[in-house]
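Comments concern the structure below.
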Amino acid sequence: MQLRLAVLGGDGIGPEVVGQALKCLKAVEETFNHRFIYKKALVGGVAMQKYGTPLPEQTLQLCKDSDAVLYGTSGLPKYDNDPNAKIRPEQGLLQLRKELGLFANIRPVKMFAEVLSHSPLRKDIVSGTDFVIFRELTGGIYFGEKKLSDDGTVASDLCQYSEHEISRIAHLAFKAAKKRRKKLTLVDKANVLETSRLWRRVVTAIGQSYPEVALECLFIDNAAVQLLLRPSNFDVVLADNMFGDMLSDQGSVIIGSQGLLPSASIGEDYSMFEPVHGSFLQAKGKNKANPVASIFSAVMLLDHFGLKEESNAVYAAIRKSFKKKIVTPDILGSSKYGTDYVGDFIASQITDSDDNTNINEYNIGLGKSTII
Ligand code: IPM
Ligand code: MN
């Protein structure tokens, strides 16, 4: 298969972790005889420094001309701490999601037995955790009208959703649940928010077409609690943009490290793959960032294009790095392995391994055929 990939490293540790994902994709090309063409472009703070905008026209165009985007991270602390900043690195990412129509953000949260002791939760609680968050990505409070009164003392952000926006991601979530453990949890705040009540109505109606999937609805505050008490009870979690953002970061911590959680952002025409974690500027250039979330994102990319054997090979190689404790210090404090070494090891296991095909547990229900 030939794939054109736009590579947007972004800020902080982004380029370093994406670099490791590229090593793995190159190993896949070699091993499975594919051809991937990589083209790099600037986005976020680095693009602002060079072009004065976080999403330059040529970057957007490159993404539109590609089959998929491999994204690093965005964000610089100097903007985080400046409430008056007019443009921010994150706007590049948000605009890109909107421009590419990436309405479904899929974030698999799985506790790996090899890193169980690293979870801040008790082993008996977190063991067996394996759920996937379907986060709506191009609507809601993130994209509603923003206002600040002239005197700067009153502000508002509109949270708006249409039936159409809810239904297209709900179908994807139900389809994924059908292929998994057949449970879907809708997370909302329907006791307070009108948008949440719309979500409930639309999702419950769609649920009728998926009788084999059990639907439960939880308020976000309760969901945050349940995620800590009984994370293994969740299978597919469906949430709006804001609630999905919060729950996924919580999810990444309970599985042991923010450096492990990948994501796929899917739309009708485009797809983008990025780690859930932030730009972690303090670690930039220090060769200590965990590349696994980015490499897992490459697994999701391969899966999205139907390259199942290939995605399993990379997945198996990552699992091998866990088993052999070839991990970065966020996973194992005493580890002497850096970003590069871990990336090299995982890539080498893709090329050399003879038992990759034996691990076939990577199933989150992705795949182009699921798009409606
Ligand atoms: C994420 C990030 C982004 C978001 C930021 C960087 C705008 O936190 O992808 O989860 O809130 O969507
Ligand atoms: Mn987030």
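What follows is calculated from the coordinates using simple rules that are stated; it is not laboratory data. As the structure is a computational prediction, the values presented were derived from the model and not from experiment. Glycine also receives a Cβ, built like all others from the backbone with ideal geometry; neighbour counts cover every protein chain displayed.
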Study note, to complete from the structure: Quick calc: nm separation of the 7 Å Cα→Cβ label points for residue 53 and residue 78 -> 2.1 nm
Revision key, fill the gap. Charge dipole of the chain built from unit charges on the beta carbon (Lys, Arg +1; Asp, Glu -1), centred at mean Cα; most positive-end Cα among 335, 243, 133 is 335
Check your understanding: What nm value, rounded to one decimal, do you get for the distance between residue 113 and residue 162 when each label is placed 7 Å out toward the C-beta?
Key -> 4.8 nm
Revision key, fill the gap. In debye to the nearest 20, the charge dipole size for the chain, taken about the Cα centre with +1 at each Lys and Arg Cβ and -1 at each Asp and Glu Cβ, equals 580 debye
**Study point:** Those aspartates and glutamates that a straight Cα-Cα span of less than 19 Å connects to residue 286, excepting residues fewer than 8 apart in one chain
**Key:** 11, 16, 330, 340, 344
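Compactness ratio of the range 270-349: Cα Rg over 2.2 N^0.38 Å, N = residue count? Present the calculation step by step, with values, prior to reporting the outcome.
Working: Rg = 13.0 Å, N = 80, 2.2 N^0.38 = 11.6 Å.
Working it through for the range 270-349, the quotient is 1.12.
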Practice item. Beta carbons within 10 angstrom, averaged per residue: use that to sort the peptides 30-37, 16-23, highest first. Key: 16-23, 30-37
Revision key, fill the gap. Ranked by GNM mean-square fluctuation in the chain (Cα springs under 10 Å), the top entry among 75, 207, 244 is 207
Review point. Spin-label point model (7 Å from Cα, Cβ direction): what's the residue 30 to residue 351 distance in nm?
Key: 0.2 nm
Check your understanding: Separation of the range 88-147 and the range 1-44 by C-alpha centroid, Å?
Key -> 21 Å
Practice item. Before rounding to the nearest 500, sum -39500 (n - 2.57) across all DSSP H runs of length at least 4 in the chain and divide by the residue total; then give [θ] at 222 nm in deg cm²/dmol. Key: -12500 deg cm²/dmol
Exercise for review: At q = 0.16 Å⁻¹, work out log10 I(q)/I(0) for the range 120-255 with the Debye formula, treating every Cα as an identical point scatterer and leaving solvent out; two decimals please.
Suggested key: -0.80
**Study point:** Rh (Kirkwood; distinct C-alpha pairs) - the chain, Å
**Key:** 20.9 Å
Practice item. Using the charge dipole of the chain (Lys, Arg: +1 at Cβ; Asp, Glu: -1 at Cβ; taken about the Cα centre), state which of 101, 305, 203 has its Cα farthest towards the positive end. Key: 305
Review point. Lysines within cross-link reach of residue 323: Cα-Cα under 18 Å, excluding same-chain residues under 8 positions apart?
Key: 110, 123, 336
**Study point:** Part-to-part distance (alpha-carbon centres) for the range 260-326 and the range 165-180, which is given in Å
**Key:** 22 Å
Review point. From the residues 217, 48, 252, which one has its Cα farthest along the dipole of the chain in the positive direction, the dipole being from +1 and -1 charges on Cβ of Lys/Arg and Asp/Glu about the Cα centre?
Key: 252
Review point. What relative contact order, as a whole-number percentage, does the chain give when Cα pairs under 8 Å and 6 or more residues apart are counted?
Key: 22 percent
